[in-house]
Amino acid sequence: MGTVTTSDGTAVFYKDWGPRDGQPVVFHHGWPLSADDWDAQMLFFLQQGHRVIAHDRRGHGRSEQTAGGHEMDTYAADVAALTDALDLRDAVHIGHSTGGGEVARYVARAKPGRVARAVLVGAVPPVMVKSQSNPKGTPIEVFDGFRASLAANRSQLYKEVASGPFYGFNRPGAEVSQGLVDNWWRQGMMGAANAHYECIKAFSETDFTEDLKQIEVPVLVMHGTDDQIVPYEDAAPLSVKLLKNGTLKTYEGYPHGMLSTHPDVLNRDILEWLRS
């Protein structure tokens, strides 16, 4: 574990496990979490011989809490600083939710030879917010509600998101994991309120259409049909249509946090695709 200093002097925390000659797999977490959200994936791919890396986005987890830079261009630049510092070659970049947007923005701009493949899981691209050009998107009022709740009582908001729609624990008959709920809340409360507040705009209003069109490497797009955070129909199928070399894998009835509720399934499918 260590930190890398970005171009604007921000210290970004990262984990780096495994053999230095193993193919790097880089994980990009969702809002408002941290690298810890990838424990099940990092352990799995470490055991498969990969070098596994995960960072805390600026203002999240153990990274520096900054006044600014909480938008996708800076997030992608921070990732570039990390991959440059570690000199990662032919890496696989896997992003969940907001992290999927970060992956799209970074991979579209990455230096030649840095990226071999990418995986978007329950990811926010192409764009979440409803508009004339995206009529099936999520109304801006939903995100305004998130901002108001965060400003009023961030801790309560995080408990409600984790115990409800994120993992699908609000569905009839759902088997609730209190450990997942507690860990989600813990990760969220480690970060900065201002970073999390501004990140809502970044993940909901950023349009990744041109990023997706520019990506040359193979991309696996994975999404659950019961995703209550990033609705399936307005995300994965549209992203695959924009990618030059995209593969769609749909999970019937799976929630937004399916990497944590079904890690055995998702990990196996990612590994199988990487080896194909």
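FYI, it's all coordinate maths here, none of it is from the lab. None of these values were measured; they are calculated from a predicted model. We place every Cβ from the backbone using ideal geometry, glycine too, and count neighbours over all the protein chains shown.
Key figures for this structure:
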quantity	calculated
Residues that are outside any loop (DSSP other than H, G, I, E, B), crowded, with 17+ Cβ neighbours inside 10 Å and not aliphatic (A, V, I, L, M), drawn from the stretch 210-221	Asp211
Subset tally (residues that are without any contact (Cβ under 8 Å) to a residue 40 or more places away in the chain and either under 11 Å from the mean Cα position of the chain (by Cα) or loosely packed, with under 15 Cβ neighbours inside 10 Å (or both)) for the stretch 3-33	4
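Listed here are the residues, each with its yes/no results for (1) surrounded by fewer than 21 Cβ atoms within 10 Å (Cβ to Cβ); (2) touching a Leu at 6+ places or on another chain (Cβ under 8 Å); (3) not hydrophobic (A, V, I, L, M, F, W, C).
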{"site": "Ala104", "(1), (2), (3)": "no, yes, no"}
{"site": "Arg109", "(1), (2), (3)": "yes, no, yes"}
{"site": "Lys130", "(1), (2), (3)": "yes, no, yes"}
{"site": "Gly137", "(1), (2), (3)": "yes, no, yes"}
{"site": "Gly145", "(1), (2), (3)": "yes, no, yes"}
{"site": "Tyr158", "(1), (2), (3)": "no, no, yes"}
{"site": "Ser163", "(1), (2), (3)": "yes, no, yes"}
{"site": "Tyr167", "(1), (2), (3)": "no, yes, yes"}
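Condition check ((1) in contact (Cβ under 8 Å) with a residue 24 or more places away in the chain; (2) touching a helix residue (DSSP H, G or I) at 6+ places or on another chain (Cβ under 9 Å)) across all residues:
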residue	(1), (2)
Arg105	yes, yes
Arg109	yes, yes
Gly122	yes, yes
Leu157	no, yes
Ala195	yes, no
Glu198	yes, no
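Residue by residue, here is whether (1) of a type outside the set (D, E, K, R); (2) not in a helix (DSSP H, G or I) holds:
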residue	(1), (2)
Asn194	yes, no
Ala202	yes, no
His223	yes, yes
Asp227	no, yes
Leu238	yes, no
Thr250	yes, yes
Pro255	yes, yes
Asn267	yes, no
Ile270	yes, no
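Quick grid of which residues meet (1) under 15 Å from the mean Cα position of the chain (by Cα); (2) farther than 18 Å from Leu242 by Cβ:
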site	(1), (2)
Val176	no, yes
Asp182	no, yes
Ala192	no, yes
Tyr197	no, yes
Asp207	no, no
Val219	yes, no
